[in-house]
Every structure is written in structure tokens, then in C-alpha cells.
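A.B. asks: Questions regarding the structure given below will be posed in turn.
Any read-out appearing in this document is the output of simple, stated calculations on the displayed coordinates, not a laboratory observation. Since this is a predicted model, take the numbers as computed values, not measurements. Note that we place each Cβ from the backbone using ideal geometry, even for glycine, and neighbour counts take in every protein chain shown.
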Amino acid sequence: MSQNYESGKAMDRKEHFGCLKVLGIIAITMVVTVLATLWVAKAYIFPSEFKPVALTEKEEVQLSAKLNQLDRISGTDIAKKIGASGKTKKVDLEKAEKQDAGVPLKYSEEEAERKISFTQREVNAMIAKNTDLAKKLSVDLSEDLVSARLLVPVDQDFPVLGGKIIRVHVGLALSYEKNKPLVALKGVKLMGVPIPNAWLGGIKDIDLVNEFGADEGFWKAFSDGIESIKVEKGRLSIQFKE
């Protein structure tokens, strides 16, 4: 009789611990689910703004020199358009002052440098000069790939997400092959979920220069003006044609 009693108590204890174990698993699952939901909401539905890149004084000088060089290549005033500091190397500053003062300056392409290179920090710093994009766009440079994260406001009338800001992630392949640039969309992720190629018009992984470069227009002009282009970790380098 005593043995049966002890056996019954042991079974009761096992059942008791079994129930506690199940309740513990349920509680842990609920906590993990709540935390995961909060993380998704924070990361994708209510994402924080990006922190703009601030260059050091030395980096500002180097960037301004590059932009002035690009101005001379393209014939535009890019440095002023993006709000660069205007600091530059002595020789570049001297030429810029002559141009700004309206002093006649003989045009020459002798010794003109046609290659320009930007670091990832410089690219993001140029974006930061634009007040509309400063905290909404960031760019990453890796081997033959340009990646961009963008915070996009959703129209108020849009169901569920109306008035919210969502995170978009875009990948763009960029390299130089067969004597011409290669530009191809690698994909677009919306709130961390890849968008189907059909929704992108079927252009995923298609070489846009090869597809549209035969006709007169942007892609042909772009291709015809590039001698080489290379994207590597943290750097973008472009060689322009004469």
C-alpha cells in the first residue's frame, strides 16, 4: 500500500513538473514573439533615421579637390551644387579663383586627369549635403556592387502603412566588362522582404547598358563616356574617355 502511495506521489510530481515545463516554454515563446514583433516594427515599420556622414577637415579638402576636378571634366559646377566646403589643394584653388573672378583662362586638356575616385564616406557625405536625403539614404560600396538603403514615406491613403516610413534596400551591380559598363539591378527588398522580379518589370539581373545602350539616349551616352568603372569595398573609381 505504501509503495503504491509513493508511486502515486512520484507520478504527481512528474505531471507537476511537466506542466511547469510546458508553461515555461509557452511563456518564453510569448516573450520571444513580442520582442521579435517589436524589433520588426522598430526596424521596418518605424525605422530610425540614418546618421549623416561628417567628414574630417582633411577629408573635406580631398573631396572638394575631387569635385573641382569633376567640374573640369564635365564642365559643370558640381561642387557648389552639392554644397561642398570649397577647400581644395593650392593648385586647384588657384585655378578656381581665376575662374570665379572671371579672369581669362586658356582652355587645355594637356595633363588633365580623367580618372576620379570616391570613398564610401565621401559618397555618403555628398548625400548628406542634400537636406532631403541626409537622414534617409545611405550607400554601401562592395565588390562590383552598390547597395542603397532608403527610408520612404508611405502615402496617407495607403492601407495599413499609410503615413508610416518604411525601409527599402536596393542592390545594383556595377562593373566594366567587354569594353563597356555593366549596370544591372540585383534586387529590391521592402521591409526586409525581396520584391518578385515580375513586380520589378522583369529587369532584375538584366544588363541595362546592353539592353538599352544601342538606342540614342541616356544609357548610350553614359556608356560612350566611360573608359572604365570599378566598385570595390569602400571605393568607387571612374575613368572617363576623351
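A.B. asks: What single numbered condition from (1) buried (at least 17 other Cβ atoms within 10 Å of the Cβ); (2) free of Cβ contacts under 8 Å to residues at least 60 places away in the same chain fails to hold for residue 147?
C.D. replies: Every condition holds for residue 147 apart from (1).
A.B. asks: Additional query: Just to be sure I understand, how many residues within region 128-168 are assigned to a loop (DSSP other than H, G, I, E, B) and under 11 Å from the mean Cα position of the chain (by Cα)? Before the answer, list the steps.
C.D. replies: In the first step, residues of region 128-168 are kept if they are assigned to a loop (DSSP other than H, G, I, E, B); the result is 129-136, 143-144, 154-164.
Filter again for under 11 Å from the mean Cα position of the chain (by Cα), leaving 136.
The number of residues fulfilling the criteria is 1.
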